[in-house]
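**Student:** So that we are looking at the same thing, I have put the structure below in structure tokens.
Bear in mind that the values in this text are calculations on the coordinates, not laboratory data. It should be emphasised that the depicted structure is a prediction, and the values quoted were computed from it without experimental measurement. Don't worry about glycine lacking a Cβ; one is built from the backbone with ideal geometry, like all the others, and counts go over all protein chains shown.
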Number of protein chains: 2
Amino acid sequence: MILNNEPSFAEVIAGSQAACDALSDEDDGLKREVLAHAGNRWSLGIVHALGVSGTLRHADLGRRLEGVTQRMLTRSLRQLERDGLIVRHDHREMPPRVDYALTELGRGLLLGMMPLWTWVIDNAASFRAARNRFDGDDAA
Amino acid sequence: MILNNEPSFAEVIAGSQAACDALSDEDDGLKREVLAHAGNRWSLGIVHALGVSGTLRHADLGRRLEGVTQRMLTRSLRQLERDGLIVRHDHREMPPRVDYALTELGRGLLLGMMPLWTWVIDNAASFRAARNRFDGDDAA
DNA sequence: CAGCATCCCCAAGGATACTG
DNA sequence: CAGTATCCTTGGGGATGCTG
């Protein structure tokens, strides 16, 4: 069960260490900044929806991310635009027609996140198990 | 420059779609939950530090994550423990001696995040460029 | 040393109503 | 349809002091 014949963990973490050293001060904040934005409740869904559909209008996004308010949707979109992850195209028509799409950077983010996603999915059960185990400890 | 001979984006995103469908309701929250915890300012640093060092005491972590308060450190540790990402081992000595280490799940998370990290690092420049471009647009 | 208790601040997130 | 403005709640995060 223990993986010492493959170079997985130790090596990869060592690489992580090197990587983190590489982006010392300012860049380190960047990492957390990316995470923070990704953790922004809606940003993820937006990026994912755009990744799947290519281009979506404001209202389309609002429908896909059911539960989001216009305020938060607009906010998140602005944030993502500012981060260079999506592009906003205003057709300047009446009635208004604005659509959003991922940039190359945004696509890169989505791709970079895939391994994490698949990992989360694969380990969803483990998460719940851990959670329950902990709660059980509490009770016991 | 455009990659249409390799199956990268479309296929991977399609996989992402399938994956997201797979974990419909409750599991979807799990994803964001993971992200949220990862975005918790200190959790990342803790997981990474433990990944590098293997086992660390409370004060050790406090030193590595300079800027963290005991309160937040303890909080984050409890959270991570609850999520099954780290284990807490209290030696029950005087003076107190408690150390923390990653669980298998925690190591998995770290591994799952590596691609994202390396991507962020590789694209740090692009991020700043986007940011500056946007600010420039504002000014212009 | 480990960590709990208390008090405080503020930004994320939401509900609602309004506009071009 | 796309978006802004206003008001409110919540919880993350921090500072400080105390205990076993």
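**Student:** Which of the GluC sites (Glu not before Pro) found in the range B:31-88 are in a DSSP loop and have at most 11 neighbouring Cβ atoms, other than their own, within 10 Å? Before the final figure, lay out the partial values.
**Tutor:** Details: sites: B:33, B:66, B:81; in loops: B:66.
Hits after loop and neighbour filter: B:66.
**Student:** Taking 7 Å along the Cα-to-C-beta vector as the label spot, tell me the residue A:64-residue B:14 distance in nanometres, rounded to one decimal.
**Tutor:** 1.7 nm
**Student:** I've got another one for you. For residue A:57, what residues show an amide H to amide H distance below 5 Å, using hydrogens built from the backbone and excluding near sequence neighbours?
**Tutor:** The answer is A:100.
**Student:** Measure off 7 Å from each Cα along the Cα-to-Cβ vector at residue A:74 and residue B:57, then give the distance between these two points in nanometres to one decimal.
**Tutor:** Label-label distance for residue A:74 and residue B:57, simple model: 5.4 nm.
**Student:** Please sort A:109-119, A:51-61 by packing, taking for each peptide the average over its residues of neighbouring beta carbons within 10 angstrom, highest first. Don't skip to the answer; put the middle values down first.
**Tutor:** Numbers: A:109-119: 20.5, A:51-61: 16.4.
By packing density, highest mean first, the sequence is A:109-119, A:51-61.
**Student:** Can you list the copy-to-copy distances for residue B:89, using a point 7 angstrom from Cα toward Cβ, in nanometres, shortest first?
**Tutor:** Listed shortest first, these distances are 5.7 nm.
**Student:** Moving to a separate point now. What residue of chain A has the nearest C-beta to the axis that moves A onto B, and what is that distance in Å, given as a whole number?
**Tutor:** Looking at chain A's Cβ atoms against the axis toward B, the nearest is A:39, 2.
**Student:** Can you list the copy-to-copy distances for residue B:10, using a point 7 angstrom from Cα toward Cβ, in nanometres, shortest first?
**Tutor:** Its label point is 4.3 nm from the equivalent points in the other copies.
**Student:** Sequence-distant or interchain residues sharing an amide H contact under 5 Å with residue B:86, placed H: which?
**Tutor:** B:81, B:103
**Student:** What are the ³J(HN,Hα) values, in whole Hz, obtained from phi via the Karplus relation 6.51 cos²θ - 1.76 cosθ + 1.60 with θ = phi - 60°, for each residue of the range B:62-69 in sequence order, with x given for Gly and Pro?
**Tutor:** Karplus values, whole Hz, x for Gly and Pro: x, 6, 5, 8, 3, x, 7, 9.
**Student:** Please list 3J(HN,Hα) in residue order for the range B:116-129, calculated via the Karplus relation 6.51 cos²θ - 1.76 cosθ + 1.60 where θ = phi - 60°; whole Hz, with x for glycine and proline.
**Tutor:** 5, 4, 4, 5, 4, 5, 4, 10, 3, 4, 4, 4, 5, 4
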